[in-house]
Each structure stands twice: as C-alpha cells, then as structure tokens.
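K.L.:
What follows is a single structure, and I will ask about it in a moment.
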C-alpha cells in the first residue's frame, strides 16, 4: 500500500499571513497580481519591506515570481485566471423561492468575464428552487452578482429581508417594492421601503453541462 506524500509549508507570521491574504484577494478581484508598489501602498510600507515579505512567502512555498515584469506573482497551487476574467468567491446558496437565511461562507470560486462586474466587486451564489425559471435561472445554477445597493425596475437582484436573502426581479411601488418571481405559479413579495436591502444585481448565470460550464449574461 502506498501513501500520498503531503506537501507541508512553513507557518506564516501575522504580517506574512495578512500580505498573502491581500495578494490572493487582489488577484481574485482584479484578475491579475498586484505590483510591489500596490502592496506597499496598501500596507504603508517601503518597497524594500515588500520585497522582503515576498521573498519570505516565496521561500516558504506560498508564492513564486513569474516572468511577467511588475505583475509576476503567482500563488502556488492556484489555477491561473484566464485572460479577461476575474475570480469571484462562491459565498453559499440562495433560494429562488421564499426568503431563507443566506449562507455566507466561501465554498469555492468562479472565473467570470471581468466586463460583467464593470470594475466593482462581485460574488456568486448557487440557486436553490425554481421561482426564476422563466428568467433562465434554474435550480443548481450559479448566479454571478455585481455588488451594488441600488437597482432599476426589472433587474434581478439579491435582496435581504430582515437578514434573510432571496433572488427576485425588482420593481418599485408607491409604498415600497415588489420582489417578483419569474414563475407564474408563485406569488410576489411586497416589502416597504426600509425593510429590505439590495446586496447586488445579477449580471450572469453559470450552468454546468457535464464537464463544461456555460456562462450566460443576464
């Protein structure tokens, strides 16, 4: 019987751990690694200190330097983000029916076209239920959400009602808003202004057909 050798890496200091986490978040949000100057500006430290931090992260097996000039950092063991894409976290599952408590912990990532986010942050949620089927959003799909706290009539949004999340089409009314399903068998949710918050606008859907994901713009 053979056993698979497990790779071990030296533990990081608090500052190294903070820097490593920031670099990963930057790559995820921008689709490219940061420069030494950007890291220095973020932490208020000189370039020489940044070089020392990066050298230690490389020595401990967390980063490596590529051959792309200023933006040459590579997170070891991480799949490269395709050109023109950014990486967004999958932060849980969201019902497409009645609101239930959202799960807000990262369960993976998706690569999405950066044009969908228009320079803003984003996240993804896996859909549960069939209340949005007529909008082309099916049970099991991943919705790609651009972070914003406003919406136009007809937008598909992730809305929080008393800290419970739902996925619906947004419409303004005289006394509040109507969150409308895209399924004729289901009823709309009416809430007064101040009783809900918009977490973001759905800008795309990713559906997995066998081994190959299909990304659809909303």
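Bear in mind that the values in this text are calculations on the coordinates, not laboratory data. All figures in this text were calculated on a predicted structure; none of them were measured in a lab.
K.L.:
For the range 85-217, what is the Kirkwood estimate of the hydrodynamic radius, computed as the reciprocal of the mean inverse distance between distinct Cα atoms, to one decimal in Å?
P.N.:
14.7 Å
K.L.:
Over the range 85-217, what relative contact order in percent results from Cα pairs under 8 Å that are six or more residues apart?
P.N.:
Once divided by the residue count of the range 85-217, the mean separation gives 24 percent.
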